[in-house]
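Read the structure below first, then the notes.
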Amino acid sequence: MTTTRRMLAPPRPAARFLTRSTYALLGFDALRAPGGRVDQAAPVLATMRKVVPLPDDDELVVRANAGVQVACGTLLALGIAPRLSALTPAGSLVPTTWAGHLYWTVEDPAARKLQRIQFHKNMAMIGGQPGKPPLHRRALALQKDPVEVLLDQPRGPDRVPGAQGVAYGIIGETMRL
């Protein structure tokens, strides 16, 4: 284990918990007091009702969305069914972001800046969801070549059609294909 990975290992679970619990906290606020969220969501809900059968009561839909975020955010923070519990609030965050944080439509520069921050925060929350680790991390963990992990088979001139056997790496070292 490298020094950097060793240093980052202890705070990683705490960081994951804090990141994932954000859904539960924000959802709880909306569930407890939907307030202006209902008015902000009305135009988006009207558009969505043309495609998806939703209840006519906007406050009920906002509270249901908040309930989904609380439930899935809690499951996500506890590490229960991480992929499923990540997919659901991420899906609910898209219309939430569309309804509440269209910063390019705001005229006031200060308000626009706040809405832009909230928009990008929501997009970062969606992008930071658990899933399969990136290919290079899986290859490193398995101590294999990334292409072998991707193809799920060993590489070599007899394994991959068209492979020539030996190639030069980035720094000029000979490596086996």
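The values are calculated or read from the model by the stated rules, or taken from the named source; none is laboratory data. For clarity, every value in this text was computed on a predicted model and none was experimentally measured. Don't worry about glycine lacking a Cβ; one is built from the backbone with ideal geometry, like all the others, and counts go over all protein chains shown.
Give all pairs with beta carbons closer than 8 Å in which a residue from region 54-73 that is assigned by TED's automatic domain parsing to the domain that holds A90 meets a residue that is among the aromatic types (F, W, Y) and modelled with pLDDT of 90 or more; count only pairs at least 6 apart in sequence or on separate chains.
A66/F28; V70/F28
Can we say R49 is charged (D, E, K, R) and over 22 Å from L31 (Cα atoms)?
Values: charged (D, E, K, R): yes; over 22 Å from L31 (Cα atoms): no.
No: the conditions fail for R49.
For R37, state whether it is buried (at least 18 other Cβ atoms within 10 Å of the Cβ), in contact (Cβ under 8 Å) with a residue 24 or more places away in the chain and either closer than 20 Å to P13 by Cα or among the charged types (D, E, K, R) (or both).
On the way: buried (at least 18 other Cβ atoms within 10 Å of the Cβ): yes; in contact (Cβ under 8 Å) with a residue 24 or more places away in the chain: yes; either closer than 20 Å to P13 by Cα or among the charged types (D, E, K, R) (or both): yes.
Yes; evaluated as a whole, the condition is true for this residue.
Would you confirm whether any residue within region 103-113 is in contact with a Phe, Trp or Tyr (Cβ under 9 Å, 6 or more places away or on another chain) and at positive phi?
no
Among the residues in region 63-78, are any surrounded by fewer than 17 Cβ atoms within 10 Å (Cβ to Cβ), among the basic types (K, R) and at negative phi?
no
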